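Input: a single structure, listed below in structure tokens.
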């Protein structure tokens, strides 16, 4: 397409990538590609449905797929994930059913939270995924508490605390990293730096050269990683998780990436982003970069690409059909699990 920026190539050979990805590298790459296609398809469809008024809110993770897929594949079932706004894909990769997540987005009677959490705030206890609260940074302190519990139980597991660049200016970031460091707790701090805290560019909230450098103030290792490179994300996450399982000190990973959509369906980024932002983001699209590299290395052809896209389209359509055929939660569900005794009926109902 005319005017489309060239995709930044991934800087390694097939042999180098396979050396990083473990015993079944080709299978890992194909699995990652399938999940990235499914995530991109889900984001596009749900944003369209929000514009049609069929769901109330949506926060896309377009541009963050490499980090989320790598985290889902590299983590173990016993680990716990404490997300920020854009880690729903981690839950899906770890085994949370797509249809259950879409029921949540529609806030229907099959939503595990029965419509009491706003969309994109799923609860997925079966895959150790803790619902977020939308309060900036609070999940960081929660992850430290989970890490303390793991240490007390002598579990060889890790708490993954996800947060954005804006959360590194929150109180919970400072308290959480400090407490984890002092207690040497099994917590991996994962900063997804998409360079925008809603409308505030990262350079206006910190004078630090990198966000990863902030870890040093608490005596922790901090590493910046290309968050648009699936293999680099895998290497960083799997390495840090293994060190923590062996009793290593907590660490912080900063994944530098590009927010490719609005902050949420309630946002208009054209009011504050520079005119060339979309072009810069497209050049670092993690899905396009992986697809380009896989084609170059003979791991992706038209037939496989068509198969994967068709599977993703049908899976998303089927989940939406099921959700739209499901009734809303009963009115009584508003107070279930809230009060010790059932609440009185709503007057006039």
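DSSP finds beta bridges in the chain, and of those with both partners inside it, around 10 percent are antiparallel.
Suppose R0 equals 41 Å. What FRET efficiency, 1/(1 + (r/R0)^6) with r the Cβ-Cβ distance, do residue 15 and residue 98 give to the nearest 0.05?
Values: r = 34 Å, r/R0 = 0.84.
Once the sixth-power term is evaluated, E becomes 0.75.
Full extension of the chain between residue 182 and residue 302 gives 38.0 nm of extra length, using 0.36 nm per residue less the Cα-Cα distance.
Determine, from the Cβ-Cβ distance of residue 200 and residue 331 and an R0 of 51 Å, the FRET efficiency 1/(1 + (r/R0)^6), rounded to the nearest 0.05.
Working: r = 40 Å, r/R0 = 0.78.
According to the calculation, E is roughly 0.80.
In terms of other Cβ atoms within 10 Å, 89, 98 run from fewest to most in the order 98, 89. Here region 20-40 is scanned for amide nitrogen atoms under 19 Å from the site 7 Å beyond the Cα of residue 295 along Cα-to-Cβ, giving 29-38, 40. Counting every alpha-carbon pair across region 1-120, the share separated by more than 22 Å comes to 44%. With contributions of -39500 (n - 2.57) from each DSSP H run of at least four residues, the per-residue ellipticity at 222 nm computed over the chain stands at -13000 deg cm²/dmol.
Taken together, the values in this text are just the output of simple stated rules run on the coordinates, not laboratory data. Note that this is a predicted model, so its numbers are computed, not measured. Reconstructed Cβ throughout: ideal geometry from the backbone, glycine too, with neighbour counts over all protein chains shown.
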